Structures are given as structure tokens and as C-alpha cells.
1. What number of residues within region 615-643 are in contact with an Asp or Glu (Cβ under 8 Å, 6 or more places away or on another chain) and modelled with pLDDT of 85 or more?
2. Does TYR610 fit the bill of being farther than 21 Å from SER519 by Cβ and surrounded by 14 or more Cβ atoms within 10 Å (Cβ to Cβ)?
3. Within region 705-742, how many residues turn out to be open to solvent by less than 50 Å² (accessible area, probe 1.4 Å) and assigned to a helix (DSSP H, G or I)?
4. Considering every residue within region 779-798, establish whether at least one is touching a Pro at 6+ places or on another chain (Cβ under 6 Å), modelled with pLDDT of 90 or more and crowded, with 21+ Cβ neighbours inside 10 Å.
5. Taking the residues in region 372-425 that are among the basic types (Lys, Arg) and open to solvent by 90 Å² or more (accessible area, probe 1.4 Å) as candidates, determine which candidate is nearest to the chain's Cα centre (by Cα).
6. Taking interchain pairs and intrachain pairs at least six residues apart, which have beta carbon atoms under 7 angstrom, with the first residue in region 464-476 and of a type in the set (S, T, N, Q) and the second surrounded by 17 or more Cβ atoms within 10 Å (Cβ to Cβ)?
Amino acid sequence: MVSRAGRHRGARAHRASLKNTTPTTPFSRRSRMAKKRKGRGPTPPNARRHGASKPATSGGTSSGRPSAQEKILAELRARREEAIAIGGGDMAPAVSEEKAAAGVEESVTAAADQASRPSPPVRSDDSESAEAWREAGEYLTIYKRAAEVLERMRQDLAEKDAQLNDRLDTAKIEIADAQEERERLRRRSAELDAREQSLLEAEAELFSRQEREKETVLAEARDALAGMRQEAEKRQRELAEEHERTRAVLHADLDARRDQLAEQEAELARERGRLRTLQVRLTADQEDLQDARELLSERVERAVQAAVERTERQCEQLEQRCLMLREHAEQLEKQLRDHDRLDRAFGNRTPEEVLTELDLLRKGNAELRQQRAIPEDTLERLAALQAAEQIWREDRAVLVADNERLQRRLSGHEVAAVELERLKVTKQDLEASLNSYRAHLEELRRDIEGLTERKEGESPFPECQAMDRRHLEPRDDVRHQMPPLSQFVPWLRDYMAQQYGMFYAENDLIMFLGGLAASRLHLFQGISGIGKTQLPIVFGKAIKAETVVVPVSADWRTPQDLVGYFNAFERRFYESPFTQALYKAGCPEFADRPFFVVLDEMNLSHPEQYFSEVLYQLGQKRRPDGAPPSLELMTTEVRPAPLRLVDGRKLAIPPNVWFIGTANHDETTVSFADKTYDRAHVLELPARPERFQPSLVEPQPGPVSLQALEKAFSDARHAHAESAGEVKTFMDGELRDRLLRDFRISSGSRTMTYLDAFVPVVLAAGGTTGDAADHALATRVLRKLRGRFEIPMRLIEGLREDLPRLWEPFKTAPHRSLERLDEEIHLRGGV
């Protein structure tokens, strides 16, 4: 059969061919004929009857029957309407189209036969008949063209029929293949059913065997348990007897220790008396020591003055000695010049050279004497020369010895001169040191006089004592009620944007409130300039609470850098801004309101070093007597101490204080340790806060009390405790096993306690269970993956793929956790 699309394409082609091959429609001619008749006017009735009563020519009909022309015209009109129905309406099946084509073809053939016959004579006044014959000719042309179109359509239908036959054969082959596949699947299903039946029988047999083995094991376990119970009862009796014996021994020992303790108490009483005596002596010794110090300072001053005078005398003596040495040096220089003159007389020759020359002369003289007799005067002159030589030798030896002695004395004089110059410099240094010592002694004397003149009632904590006077009375406008958290969060968001121009996402504010209920330590992370420090400040302003910002320095290493230190010499404690903030939070004016201490740039130094004592105290529970945790400022009690120091030396951490640390992560900062993260609520603010148009809201009529805030948190815990249990069950289920097996990380007891307080407040503030679980998982568990590059990437990618499936019970998406996993995958891809 021909498809509907094929029939529509054939109909459209047929209509297009008719439109293109028919320049003038018979309807247009009919309308023109009607216009002509209207122009001639109505035909009189008698005229029509007159024309009809005339006898027709051959081929004509009587007036009571329709003429042959009218029959042809009627039949042609009927065939035309049928052709138009075939070409323009919905296409009927192929058989109907063939019948219509055959009918049109018969009509066209009949019309052609009529047209081929001799046309009857037409009277000149019968214009309608002539017009009808012309119209019949036009119809004949139209139907010839329609026959051609139908012939083409028949050919197209034959081609389509051949294509359909091919597709039918292909479909039959496919059906046969499908039947064979179905039969094969049926046989396979029968085999699987038989195998399943055998497996079920084997499983039943295995189950029965396990039941029998279980009963056997249980019987053996019961027997063993009975034996163990008897053994335990016997052991219990032995332990009871041993306990009685031990108890008797302990009682005897206790009595002996009581006696010994009584003796020790008596001895301690005697020791106290002796210590009192020693204390009195110590006081006297201290007074004697003070007198000795004053006497010593006077002696030191006198000794320094004597040393200066002695040094001045030595300097004068050295100057006189230096003058003497200079005179002696001048004499030596004169003798040296005489010696040089003698050397020049001998030709600047050494004595050895002169002696050698004399020896040579003696030999020459002896030879000459042998050669000739020496005159008497020559001998006398020679004897004089020899005597002069002897005298010269003696003088030379004396001069050499004097020269050496003078050289040694000259070297000693030079050393003495250098030493004298050094002594002059030393004298100047000693005089400068003496002046500085005198100035320092005068300064110390003034300080000692100031310290000794200090009033007896002055406290080592002046700022804290001043706060006792300034903040003595509590405020009377504190509100002990606050709106529901679901209404409070939208108001807070609009108020921050309206009053301070700070834009925060509603979900971030919800997580912030949940963190206030769950932990006293908060860590705000993110890039610089996104409002980490401003969030607690504007929140405090919104609820009219107090906020103190403490800048952290990069050189902080010890708790003393955070809380301050005690100067025993001045009897004064240097109170840091942190210490003043904590003490201020405990004053009556602020004790019933929330108080926020912001540690700005907290990770510029290691918080585990300077913040260690606070971290330890935050992890401790209150003592049985209800006392809050405290920080030890001093090892001993000071008096007079401020009113709110515990035991005169410890600073209490009030219950209304939250510590909020801001952290950037760059090359100038350090990372937080796990123990810091475990005790904190972590909030990561977005890099670009989304701006919005805030609604006009009114400020709070008065400060919100700590009691109102804690009551809102308590009501949320009672209302949504079941949801918190669901999150804990989820965190402690399949996800926990997966994290522990693949990554060696899990959620500890602190996380479970955190969820008990965090999840209900998030739900009460307008969040969802999935959002709370997502935040807790991302910030308290998955952040432990940071830096663990030994973990294979495939494990992290596997968790990334499975986490949406595990999250299906919450009906949300874990966006924060997925972002954290994507970040870890990206870091490992970079490595």
C-alpha cells in the first residue's frame, strides 16, 4: 500500500500540473457569459419557450428532454468534479485512484467521440449552445492533460509498488531471523531456568547444611560457655576471698597511714611555725639586703671615682715617662749619627771587611819586608797603624754593643708610646662608660624611688580594674526574645545590605548561624576583600552585640604574645587587646549578650603555638562546680587583683564569647592543623558576592540577649533532632566505610557532637538536611584530603562519581563536596 506521505506528494504534483497547464478556467468563462446575459437583460419567458418549441435538426431532441449537448456538458462537469476530488482532496488508496483515472479516461474518450461527430447546425441566435460547445472543447483539452498526469501517476505508483514489494521481502527475511532468534532465546531461557532451579536446590541444601553446622557450633559454644561460667564463678569466689584479704590488709595499711598522716600533720604544723619564723627572718634579711644594696651602690660609686682618679694619676705618670723617653731617644739618635759618621770614615765597610783588608795588608807588608828592608819610619808608622787598628777595633765593639742596646731601648720606647696612646683611648672610653653608668644609676634610683613610693592598693592590672568600674551595671534594654530563625535570616540579610552595603548569600548566613550553635571557634576562609572580617562585625551591629578585632602578628610564637606578660620588677601585667577583650566580655554590662573576638589574619603565624592554651580550654568541658574554662596569666596570685580574675591569676573564658579567625591562603600564611579544624566551624565565603536589591527593614528594638539566642538554638534542636540523627546515620554508614577503606579518613566523635547542634539550626533557619550534611562533609571530612598526594587519583574520581548516588536520600546535590573533590582532582592533575 502507498504511504500517506506518498499520496500527499502525488496529490501536490497533480494539482501543480493542473495549475500549470490550465491558462483559463471554465469558471472564468462562465462568469463572462453571465455578465453578457446580464448586459442583454433578462430573457422573456415566451422567447425561451419559443426557442424550445422549434424543431431541432438531426441529432436534436424534443423540448421535453435534455439535448445531447447538455448531457455531454453534465457528464463532463461530473467527471471534472471527480478529477478535482482526486487531485485536490485526500488521496484514496491506489485502487480508487486507478478507477478514477479509468473513469476520467472513459469520459474523455466519450467526449472525444462526440466531438468527432458532425456538429449539429447552430442557429445564429442560439449563442448559449455555441458557448457550451466551446466550453466542451476546453474541457476536452483539460481532461486530456489530466489523463497524461494520471498516466504519470500510474507509473509512479507502479515504481512505489515494486519498492514496497522489495521492502516486504526484506521484512519477511527479518521476521524469519527474528523468529529464529526468539526460538534460540526461548531455548536459552529454558536452560537458564533449569540452571536456576539447580542453583536454588543447591542453595537450599547449603542452607540446611549451614543450619546443621550452626546448631552443632551452638551446642559446642553452649558447653564451652557453661564450662567458662563455672570457671568464672570459681574465679569470682577466689577473687572475693582475695578481695577480703586485700581489704583487711588495706584497712590495716590505712590505719597505719592515718597514724602516719597524723604525725605528718603535726610535723607540718611544726614546719609551718618554723616557716613563719623563717619568713620573719627572710623579711629582716630582705631589709638588710636592701640596705646592703644601697651601701654597695655607694661603694661602687666611690670605687669608680677612686679608679678614675687612679687612672688619671697613671696617665700623668705615663706622660712624664713619655717625655723622658723622648729625651733619651734624642740622645740615642745623636750617638747613632756619630756612629754613622765613623762608618762613613771607613767607607761604609763592615768591621769584617776592614779586618780582612788588614790581614791582606799584613801579608803584603811581610812580603815587602822580605823583598826589601823596611825603613825605620815606615816601621814606626806601621806600628802606629796597628795601634790605631786595635783602638778602632775596641771602639767598634763598644759601639756595636751600644747600638744594639740603644735599638732595644728604642723598640721599648716605641711600645711604651703605643701603650700610652692606647691608655689614652681607654681612659676616654672609661670616662664615657662612667658617665653612662652614672646616668643609668640615676635612672634606676628614680625608678626604685617611684616603685617604692607606689601606693599599696594599686593593681597590676590597671585596664581590667578600670573596666570593673566602667562596666559595672548590666543594660536594662536587653531583649530576651528574638524572631524565629526562618524569619531572622532574611531580615539579617536585608539589614546588612541596607545599612552597611555588605552582601552575603542566604545560605552562607544560615551556615554561620548553624556554626554559632555548634562551636565557639569559627574559621572564615576565602580570598582577601570578600567580607570575612566584616561578617562578624556587621552581625554584631545588627543584634547590638559587642565585637573586638585583634590583629595577629607574624612573629607570635607563645601564648604570652596573645595574652600578655607580667613584669615582676614593675609589678605590672601588660594586658594585650585579647586579654582586655576577654575580661570585658565577662563584665556585667556585656555578660548577658553575645561577644565576638575576631582574630584578623589568624594564620599569619601558627595558631597551634600562640593559641594552644585557648584551643585546649575550648576542648574541655566545664568543671563539676560549673566554673568556665580559664587561661593562666600568672603562676602566683597578685593583690589587689581585678574582680573577675579566677584565684587572682587566671582569666576566665566567658560563655558568651565566640572566637572568629579570618584566614587567607597565600605565600605569607601557614596552614591550620587538624586539631584546629576539628574544634572549629569552617565557612568558605564566595570570591564574588552576588548583589541584590534589599527590602526595607527596621532595626532590632534592642540588644539580643545570649539567653534568647541559645533558646532559639535549643528550640531548633528539639524540633529537628530526628533530622540530625538521619545525617549522623548517613555519615556513619556506607560513606564512612568507603572513606575509611580508601582514604583512611573518617568522621570522629567531635563531628557527631557537631552535627547534633549544627543540623537542627540549619533546618530551622531555612536550610535543608542535604545542605547541612554537604557542608559538614566538605569542611570536616573531605578537607583532610588536602596534601595527601599519596592517594591515587582513581579513588578520588570514583568517589566523585558515586557521591551523587549516595546523596539520593537527601534529594539534593552535594555541591560543596563535589567542588572539594574537583579541586583535589585538579591539584593532582597539575602534579
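The values are calculated or read from the model by the stated rules, or taken from the named source; none is laboratory data. Small disclaimer: the values here were computed from a predicted structure and weren't measured. Positions of Cβ are generated from backbone atoms using ideal geometry, with glycine treated the same way; all protein chains shown enter the neighbour counts. SASA here: full protein model, heavy atoms, side chains in, ligands and nucleic acids out. Shrake-Rupley method; radii C 1.70, N 1.55, O 1.52, S 1.80 Å.
1. Within region 615-643, residues that are in contact with an Asp or Glu (Cβ under 8 Å, 6 or more places away or on another chain) and modelled with pLDDT of 85 or more number 5.
2. No; evaluated as a whole, the condition is false for this residue.
3. Qualifying residue count, region 705-742: 17.
4. For region 779-798, residues touching a Pro at 6+ places or on another chain (Cβ under 6 Å), modelled with pLDDT of 90 or more and crowded, with 21+ Cβ neighbours inside 10 Å: absent.
5. Once the filter is applied, the top-ranked residue is ARG422.
6. GLN465/SER459; GLN465/PRO642
One line per residue, one yes/no per condition, for (1) within 24 Å of GLY564 (Cα to Cα); (2) β-branched (Val, Ile, Thr); (3) within 15 Å of the chain's Cα centre (by Cα):
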{"site": "ALA652", "(1), (2), (3)": "yes, no, no"}
{"site": "ASN664", "(1), (2), (3)": "no, no, yes"}
{"site": "ASP674", "(1), (2), (3)": "no, no, yes"}
{"site": "PHE692", "(1), (2), (3)": "no, no, no"}
{"site": "PRO699", "(1), (2), (3)": "no, no, no"}
{"site": "SER705", "(1), (2), (3)": "no, no, no"}
{"site": "ALA716", "(1), (2), (3)": "no, no, no"}
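Quick grid of which residues meet (1) farther than 17 Å from PRO654 by Cβ; (2) crowded, with 21+ Cβ neighbours inside 10 Å; (3) in contact (Cβ under 8 Å) with a residue 12 or more places away in the chain; (4) out of contact with any Gly (no Cβ under 9 Å at 6 or more places or on another chain):
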site	(1), (2), (3), (4)
LEU516	no, yes, yes, yes
LYS541	yes, no, yes, yes
GLU546	no, no, yes, no
ASP561	yes, no, yes, yes
GLU570	yes, no, yes, yes
PHE590	no, yes, yes, yes
VAL614	no, yes, yes, yes
